[in-house]
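Only one structure is covered here, and it is reproduced in the block below.
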Amino acid sequence: MEDAVPESAESVTKTRLYDAIAASGKALASGKRLELLDLLAQGERTVDALAKAAGLNLTTASAHLQTLKQAGFVATRREGVRIHYRLAGDDVAQLFALLRKVADRHRAAVSAARDAHLGGPGGVALSGAELRARAEAGDVVVLDVRPVEEYRAGHIPGALSLPVDELADRIGELPETAEIVVYCRGEYCALASDAVRLLTDLGRRAIRLSDGMLEWRLSELPVATEPA
C-alpha cells in the first residue's frame with residue numbers, strides 16, 4: 001500500500017476553496033430549486049406564493065428555500081409574520097440563465113425535455129430587438145401572459161396583461177387585426193407557446209418572443225412596474 005502524500009498548506013487551502021464553491025453548486029442540484037430561482041427571477045414572493053406556483057407543500061418549499069439561502073442565492077425580508085424571498089442579485093439570475101443554456105447545448109436530454117414541455121420546437125419567434133423596433137412603430141400588440149403579480153413586479157413597457165388561463169374568455173379585449181407578440185417568464189416558459197396556439201386557433205395572428213422577461217431584464221432593457 002502506497003503511503004499517502006502529505007498535503008501542503010497551499011493544497012489544503014485550495015481544497016477548502018473548491019469545497020466552498022462546490023457547496024453552492026450542490027444547492028443547484030435540484031430541479032425544484034432551479035424552478036424556484038426561475039420564479040424569483042420574476043420578482044419577490046412569499047413562501048406561500050412560491051409553494052403554490054411550484055406545486056410544492058409549504059414544508060418542502062421552505063426547505064428548498066433555506067438551502068438556496070444558505071448558498072447565498074436568495075435573500076429575505078420579513079413583513080409581519082410573512083417572509084418574502086428574492087434573488088440575492090442579478091448575478092444569480094445570470095447564473096441560472098447560463099446554466100440552463102449550457103445544459104441545453106451539451107445535453108441532448110435537456111433539449112428533448114424542453115421540446116416536450118413547450119409542445120414541440122419553438123418555430124418562428126421574434127427577438128427582443130425586433131420586438132422593440134416593431135413596438136416603437138406601433139404595428140404589434142405586446143401581450144404578457146404571466147400571472148398578474150409577475151406583470152406588476154416588472155414587464156415590458158406598453159405590454160398588456162392577460163394571464164393565459166383568462167385568455168379565451170377575455171380575447172375580446174385584444175385588437176382583432178393587429179399581430180400579437182406574446183411573452184412570459186423566459187425562453188423555456190410554456191405559457192407563451194400555449195397562448196400563441198390558443199390565439200391562432202381563435203383566428204388571431206400571434207407570434208411569441210424568442211425568450212422572455214428573464215432575458216429582457218438581463219439585457220438591461222427598460223422594465224415597467226405597477227403598484228400591487
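What shape does the stretch 123-185 take by its C-alpha gyration tensor, where a ≥ b ≥ c are the square roots of the eigenvalues and a/c under 1.5 counts as rounded, a/b above b/c as prolate, and the rest as oblate? Oblate is the answer for the stretch 123-185, as a/c is 1.5 or above yet b/c matches or exceeds a/b. Rounded to whole numbers, the Karplus 3J(HN,Hα) couplings from phi for the stretch 21-37 are 5, 4, 4, 5, x, 4, 5, 8, 7, 7, x, 5, 5, 5, 5, 5, 5 Hz, using 6.51 cos²θ - 1.76 cosθ + 1.60 with θ = phi - 60°, and x at Gly and Pro.
What percentage of the solvent-accessible surface of the stretch 1-139, computed with a 1.4 Å probe over protein heavy atoms, is contributed by carbon and sulfur atoms? Before the final figure, lay out each step's value.
On the way: 4920 of 8900 Å².
Ligands and nucleic acids excluded, carbon and sulfur give 55 percent.
For the peptides 108-120, 26-38, the ranking by mean Cβ contacts within 10 Å, running from highest to lowest, is 26-38, 108-120.
Contact order normalised by length for the chain, with contacts defined as Cα pairs under 8 Å and 6 or more residues apart; what percent is it? Walk me through the numbers on the way to the answer.
On the way: 287 pairs, mean separation 40.2, N = 228.
Contact order relative to length: 18 percent.
If you count only protein heavy atoms with a 1.4 Å probe, what accessible area per residue comes out for the stretch 127-180, rounded to a whole Å²? On a per-residue basis, the stretch 127-180 sits at 49 Å².
Given the convex hull over the Cα atoms of the chain, what projected area results after averaging over all orientations, in nm²? Please list the in-between numbers first.
Numbers: hull surface 70.1 nm².
Orientation-averaged projected area of the Cα hull: 17.5 nm².
Per residue, how large is the accessible surface of the stretch 50-96? Use a 1.4 angstrom probe and give square angstrom. Provide the component values of the computation, followed by the final result.
On the way: 2720 Å² over 47 residues.
Value for the stretch 50-96: 58 Å² per residue.
Among bridges DSSP assigns within the chain, what percent are antiparallel (round to 5)?
Numbers: 9 of 21 bridges.
For the chain, the DSSP antiparallel bridge percentage is about 45.
The values are calculated or read from the model by the stated rules, or taken from the named source; none is laboratory data. All figures in this text were calculated on a predicted structure; none of them were measured in a lab. With ideal geometry, Cβ positions are generated from the backbone for all residues, glycine too; neighbour counts draw on all protein chains shown. For the accessible areas, the whole protein counts, side chains as well, though only heavy atoms, and no ligand, DNA or RNA atoms are used. Shrake-Rupley method; radii C 1.70, N 1.55, O 1.52, S 1.80 Å.
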